[in-house]
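K.L.:
Take a look at the following structure, please.
Only the coordinates and a few stated rules stand behind these numbers; no lab work does. Everything numeric in this text was worked out from a predicted model, so none of it was measured.
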């Protein structure tokens, strides 16, 4: 029997279960309380932030039954004929609800002619119809459409929210995910509930026992081992360009995603600054690290003077954005090392 995907199994079913989108939930709840329902909404934001989940919850909260909710994958129904068929169905009354709700996922994929056909309905919508357009690229939706909708921008969930989600789901599945492992899972999730849940399901599906270690997470996901990341940071601290270049080469030879590798470097270097400047949070930070990492990073935090500082972090951040576009992905890391280590 095929197991249900976690992002479906643990999809929020009510507004109170939604995490990280309070600014949207509060407005939608208020509009429902005031019975001030608009005829069209745009839910925009990066993938896996809960756009379609909240669309479904909103539809249910305004009293729409499953029979009167229509979900359309705009990526597969991009043509004008598809929208004309939708426009025809809009004119019919709901089966058993006050509203008929149409959720268009990946709405930005509609063709120009399809948008023109939909525009006519949005200009003079029947009172019983509500449109919710979900999109990751709101800039591709025509202004004539945007101006006729209420727009909501979904935020990426914070690292802490994703980490807590991973820990809670693992617990519900009968597994223990320690804070260090959860931290890495959240980082790999990259601001997406869906990706975080999918990664966790993959790890749990490969676990031989009920306790998941950070080594298991690294093995299953292909994340770089902690020592490779630490060698990069150690190279900066010791002004050792060869050590840093070797670390990048080893990561590249292991087919590790350079963007992820760089992200982990930034993540740990930020920890150094936090350990140095937020002494009161040291115990909490220690829970999120392996013993090896804490000893290493605490040593760097206590070192004065140190090249692990805000200026160095700013240089690394300026090169981070280059990785995704670089013909040779490891080159921005090598250039960053050269600039930092050659700096007097």
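K.L.:
Quick check: Cα centre of the range 1-32 to Cα centre of the range 196-234, how many Å?
P.N.:
27
K.L.:
Here are labelled values, (1) 62, 46, 35; (2) 56, 43, 40; (3) 72, 42, 40, and one is the computed Cα extents along the principal axes in Å for what I pasted. Which one?
P.N.:
(3)
K.L.:
Please work out the Cα center distance from the range 71-109 to the range 301-326, rounded to the nearest Å.
P.N.:
Taking the Cα centre of the range 301-326 as reference, the centre of the range 71-109 is 48 Å away.
K.L.:
In whole percent, what relative contact order does the chain give with Cα contacts below 8 Å and a gap of six or more residues?
P.N.:
Relative CO of the chain lands at 15 percent.
K.L.:
Mind pulling the angle between the C-alpha long axis of helix 258-277 and the longest principal axis of the chain? Nearest 10 degrees, somewhere in 0 to 90.
P.N.:
70
K.L.:
So how tilted is helix 241-253 from the main axis of the chain? Cα-based, degrees 0 to 90, rounded to 10.
P.N.:
For helix 241-253, the angle is close to 40 degrees.
K.L.:
Let me ask something else about it. How far, in degrees from 0 to 90, does helix 331-342 lean away from the longest principal axis of the Cα atoms of the chain, to the nearest 10?
P.N.:
Here the helix axis deviates by roughly 40 degrees.
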